[in-house]
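Read the figures in this text as sums done on the coordinates, not as results from a lab. Everything numeric here is computed off the predicted structure, so don't read it as measured data. Ideal geometry is used to build each Cβ from the backbone, glycine not excepted, and the neighbour counts take in all protein chains shown.
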Amino acid sequence: MNGILKLDNIAQYNSLRGVETLHPLVSVVDMSKATPTQSERIHFGFYCVFLKEVKCGDLKYGCNYYDYQEGTLVFVAPGQIVGVNSKEIIQPKGWALLFHPDLIRGTSLGHNIKDYTFFSYEVYEALHLSEKERQIVIDCLNKIDYELKQSIDKHSKTLIANNIELLLNYCMRFYDRQFITRSHVNKDILAKFEKLLDEVCRACSRLNG
């Protein structure tokens, strides 16, 4: 598709993927049960957290390409445009959490949502999960899904928002772990490069001497 599909609400996304809408402002989708789809660029009007368990093409995130692989989390904020460059019909696999800004308005999560910087276009790297971290994410999604399948009462919004906030707080921890690990790896590579450079310089000195 050359155009951009605009999705303003959760029901539109669920209809596109062929899944039932249990709540107008939030949804948990088992992507393996969703309708197969061709790649398209989508302008989202709500927050999305995608647990991708299959790579289905290069993910274009705004004007740039997003670094993601199988078993990663991808984050989208309202107003962002995301699409996959692939001409194939794709059967997605993984999970999607969608929540509208109206759901978290007036909640702790609503006040703090901008602190979760992984929703920014400036972050081009997906969150790569260990198996233990993946299970924590799925447990949080299952708790949200459980609440969606109960009768809505005065506690529903708080419990759902709190569980989304818990998930995002775990994601903050996982991102910090990822960047610390990446930093250590980069330092090790730099140290090896500097040692090699020093050895080359010593060898050149001996030849010239």
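Could you work out how much longer the chain between M172 and D153 gets when fully extended? Use 0.36 nm per residue separation minus the Cα distance between them, nm to one decimal.
Numbers: separation 19, 0.36 × 19 = 6.84 nm, distance 2.98 nm.
Using 0.36 nm per residue and subtracting the Cα-Cα distance, I get 3.9 nm.
Mind listing the long-range amide H neighbours of T72? Cut-off is under 5 Å, sequence gap 5 or more, other chains count too, H placed in the peptide plane at 1.01 Å from N.
Excluding prolines and chain starts, which carry no amide H, the hits are K52.
Could you give the length gained on full extension between N142 and K114, defined as 0.36 nm per residue of separation minus the Cα-Cα distance, in nm?
Working: separation 28, 0.36 × 28 = 10.08 nm, distance 2.45 nm.
Full-extension gain reported as 7.6 nm.
Could you go through region 31-48 in sequence order and give the Karplus-derived ³J(HN,Hα) for each residue, using 6.51 cos²θ - 1.76 cosθ + 1.60 with θ = phi - 60°, rounded to whole Hz, and x for Gly and Pro?
The phi angles translate into 5, 5, 9, 7, 5, x, 9, 8, 4, 7, 8, 10, 9, 8, x, 8, 7, 9 Hz.
By counting other Cβ atoms within 10 Å of each Cβ, how are F75, F119 ranked from fewest to most?
F119, F75
Which order do the peptides 93-104, 134-145 take when ranked by the mean count of other beta-carbon atoms within 10 Å per residue, highest first?
Listed from highest to lowest mean packing, they are 93-104, 134-145.
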